[in-house]
Ligand code: NAP
């Protein structure tokens, strides 16, 4: 572990956006805790890439939806690094089946809400408490939640996902208000259509929509795009902002005529 380097915990960092974030932080000298749910092979590839960038890396398998695993994640992080300076609540899932909202099952609703909203809420709660207890570090403490354009865009075939991301928006506002007096900045990054496993099943549809001009910037987003935005916050370029929503969406959010 490099002296004076911050310690970042990135949930869901084995693949996709989380991996992009982990690598962006590693490239800037952060020590990175790479959390994942079950894909050990992918997690190990992220670890190797983080270490190749010269950063220290801890892999922790933990399901953010369960209290036991969240506690274990914190315990293992502190055992290795002794502190935590940046939490990136990135882990998330789409519904296992996209179905019309009139057909959504309680099981799917509960699962998506537990991973995308309950997990981030209680992880942020636990880590904010830790941030308040630990000695002041070389970098200020910060929390970043990965939301989605789905927070305000109705997709009637994945209602539970949209509701969970709308909740993440309020989670960010609440944490920002509560933690500002302790010097902890809280931010939401709101990705648009990003090229990952999650969007794989809808690739042809998004290729078409992007080609037709759905987004003013006519390309897919990448995990690196989101990683760069996290890096800007982690490097302290937004320190007089908190509760801010940063759209990383190729301009999708613009109202156009
Ligand atoms: P992805 O490619 O499906 O990767 C999901 C990651 O989250 C994997 O590392 C996975 O671990 C982990 N994960 C899933 N459930 C978990 C759990 N219960 N506990 C711990 N880790 C868990 O997804 P992505 O596209 O990178 O999405 C990352 C975040 O960005 C999500 O919050 C998503 O909602 C959000 N987002 C994505 C897009 C997009 O277009 N892709 C757009 C807006 C927002 P394993 O590898 O072990 O399964």
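The values are calculated or read from the model by the stated rules, or taken from the named source; none is laboratory data. Note that this is a predicted model, so its numbers are computed, not measured. Methodologically, a virtual Cβ is constructed for each residue, glycine included, from the backbone with ideal geometry; neighbour enumeration extends over all protein chains shown.
A search for C-beta distances below 7 Å between a residue of the range 46-61 that is surrounded by 17 or more Cβ atoms within 10 Å (Cβ to Cβ) and any residue that is modelled with pLDDT under 95, counting only pairs 6+ apart in sequence or on different chains, returns 56/1. Screening residue 24 with (1) within 13 Å of the ligand (Cβ to nearest atom); (2) within 16 Å of the chain's Cα centre (by Cα); (3) not in a loop (DSSP other than H, G, I, E, B) gives one miss only, at (1).
For the range 175-217, filtered to residues that are in a helix (DSSP H, G or I) and touching a helix residue (DSSP H, G or I) at 6+ places or on another chain (Cβ under 7 Å), the residue that is surrounded by the most Cβ atoms within 10 Å (Cβ to Cβ) is 175. Can you find a residue in the range 96-111 that is within 27 Å of residue 23 (Cβ to Cβ) and either modelled with pLDDT under 95 or crowded, with 17+ Cβ neighbours inside 10 Å (or both)? No: zero hits.
Take the residues of the range 155-174 that are within 16 Å of the ligand (Cβ to nearest atom) and outside any helix (DSSP H, G or I): which is surrounded by the most Cβ atoms within 10 Å (Cβ to Cβ)?
Kept after step one, since they are within 16 Å of the ligand (Cβ to nearest atom), are these residues of the range 155-174: 155, 157-172.
Then keep just the ones that are outside any helix (DSSP H, G or I); that gives 155, 157-158.
On the way: 155: 12, 157: 14, 158: 22.
Residue satisfying both the conditions and the ranking: 158.
If you go through the range 83-115 and keep only what is out of contact with any helix residue (DSSP H, G or I) (no Cβ under 8 Å at 6 or more places or on another chain) and free of Cβ contacts under 8 Å to residues at least 24 places away in the same chain, you end up with 102, 103, 105, 106, 107, 110.
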